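The structure appears below as structure tokens.
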Amino acid sequence: LLIPLGAGMSVILIGLVVWISRQHLSPQGALQLAIKRKAFVTHYQPIIELATGQCAGAEALVRWRQPDGSFVPPDMFIPLAERTGLIEPLTDLVIQRVVDDLASMLRREPSMHVAINIAACDMQSGRFLPVLSRALRGAGVAPTQVWLEATESGFMDVNAARATIDQARQAGHAIAIDDFGTGYSSLSLLQTLPLDALKIDKSFVDAIGTQAATSIVVPHIISMAHGLRFRIVAEGVETAAQEAYLREAGVQFVQGWLYSKALPLEAFLAFYKARNQRRTAPPPDTE
Ligand code: C2E
Ligand code: MG
Ligand code: MG
Ligand code: MG
């Protein structure tokens, strides 16, 4: 079980297992209790616009806060939540947390945007949309400031997905297909759904400049997205060489450790401020 995980992940996983067994809870029971106690935070990973170098906003990434102050990453509990139906209350919790955070960000940074990850089953059911609208109204936040993203499996049932996308776009949200290229989506799926953006998965970004077969696919994904008039966000950008390639290929947005990891709210706001101050300075007066 531990072999495919990195050392850090293994330590976290072992810690989680020890903690759960001390509580005499099943993993599902532990997750259920955590939801009841709202033991989750969202961290914010900056999204950078390549043309300007400015930070356009962030992707909200949920973490399960442990009693010792450490965080369990989402890949360790989202699949369990999806299997057990706990994803519904968890999505609601994330929505409320992000909207509250966004309201406080907007008081200082009026053009802030945040992207929320919507689980496949929630995207198919559209159940989260009334929850989101209510939260936004309650906080006085414009829906245009919230982007949504879901992986390919969230769009597999085209009719169900279209209903959700139509409603969400009517409300003012932009929608992206996440981890593009890693699932089973067909090209016709992309053609038929009125999506706004496509996120190129990290595995393709990793392949840029290598001999890997995936590196051959990258320019095709990019030109296809351009043809469909989707905005493109490249994920997991770690090197200046990857950035140079993506810029050259006409990718508009990037996200990755080259710029920043996901940060707690205040740290993200500091990043945003520093980044956007630096680049918005008016050009020197040449007269
Ligand atoms: P994702 O939506 O594709 O998010 C990108 C993941 O890549 C994040 O991992 C992010 O921290 C990581 N990442 C970003 N840039 C880099 C980089 O340059 N290098 C490396 N090595 N990693 C990078 P994270 O936070 O562990 O999230 C994993 C996945 O969990 C997300 O993938 C998303 O599918 C899911 N997830 C996160 N938050 C939520 C949520 O609130 N609800 C739902 N349903 N799923 C969520
Ligand atoms: Mg995402
Ligand atoms: Mg992704
Ligand atoms: Mg992912």
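The values are calculated or read from the model by the stated rules, or taken from the named source; none is laboratory data. Remember, predicted model here, so these are calculated numbers, not experimental data. Here Cβ is always computed from backbone atoms with ideal geometry, including for glycine, and neighbour counts include all displayed protein chains. Surface areas here come from the heavy atoms of the whole protein model, side chains and all, with no ligands, DNA or RNA. Shrake-Rupley method; radii C 1.70, N 1.55, O 1.52, S 1.80 Å.
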Query raised in the report: If you check S70 against the conditions, is it in contact with a helix residue (DSSP H, G or I) (Cβ under 8 Å, 6 or more places away or on another chain) and without any contact (Cβ under 8 Å) to a residue 12 or more places away in the chain?
Result: no
Query raised in the report: Could you say which residue among Y184, Y259 is touching a Pro at 6+ places or on another chain (Cβ under 7 Å), within 16 Å of ligand 3 (Cβ to nearest atom) and touching a residue at least 12 places away in the same chain (Cβ under 8 Å)?
Result: Y259
Query raised in the report: Hey, T239 hits all of (1) hydroxyl-bearing (S, T, Y); (2) more than 20 Å from G53 (Cα to Cα); (3) within 15 Å of ligand 1 (Cβ to nearest atom) but one; which does it fall short on?
Result: (2)
Query raised in the report: If you take the residues in the range 157-171 that are over 19 Å from the mean Cα position of the chain (by Cα) and either within 16 Å of ligand 1 (Cβ to nearest atom) or not polar (S, T, N, Q) (or both), which one is least open to solvent (accessible area, probe 1.4 Å)?
Result: A160
Report summary line: Of the residues in the range 107-135, those that are under 14 Å from A60 (Cβ atoms) and of a type outside the set (V, I, T) come to M112, H113, A115, N117, A119, F128, L132, A135
Report task. Mind listing just one residue for me: the one in the range 172-193 that is at pLDDT 95 or above and assigned to a loop (DSSP other than H, G, I, E, B) and, of those, surrounded by the most Cβ atoms within 10 Å (Cβ to Cβ)? Result -> H173
Query raised in the report: Out of the range 81-104, which residues are open to solvent by less than 50 Å² (accessible area, probe 1.4 Å), within 16 Å of ligand 4 (Cβ to nearest atom) and either more than 15 Å from L148 (Cα to Cα) or among the basic types (K, R) (or both)?
Result: A81, I87
Report task. Just name the residue that is nearest to ligand 1 (Cβ to nearest atom) out of those in the range 203-236 that are closer than 19 Å to A56 by Cβ and either open to solvent by 10 Å² or more (accessible area, probe 1.4 Å) or part of a loop (DSSP other than H, G, I, E, B) (or both). Result -> G236
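Say whether the condition of being of a type in the set (G, A, S), in a loop (DSSP other than H, G, I, E, B) and under 15 Å from L228 (Cβ atoms) is met by at least one residue in the range 128-146.
Within the range 128-146, none of the residues are of a type in the set (G, A, S), in a loop (DSSP other than H, G, I, E, B) and under 15 Å from L228 (Cβ atoms).
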Report summary line: Scanning the range 105-116 residue by residue, the ones that are surrounded by fewer than 18 Cβ atoms within 10 Å (Cβ to Cβ) and not in a loop (DSSP other than H, G, I, E, B) total 2
Query raised in the report: How many of the residues making up the range 36-65 are in contact (Cβ under 8 Å) with a residue 24 or more places away in the chain, open to solvent by 20 Å² or more (accessible area, probe 1.4 Å) and not in a strand (DSSP E or B)?
Result: 4
Query - When residues of the range 146-156 are limited to those that are open to solvent by 30 Å² or more (accessible area, probe 1.4 Å) and either within 12 Å of ligand 2 (Cβ to nearest atom) or at pLDDT 95 or above (or both), the one nearest to I87 (Cα to Cα) - result: T151
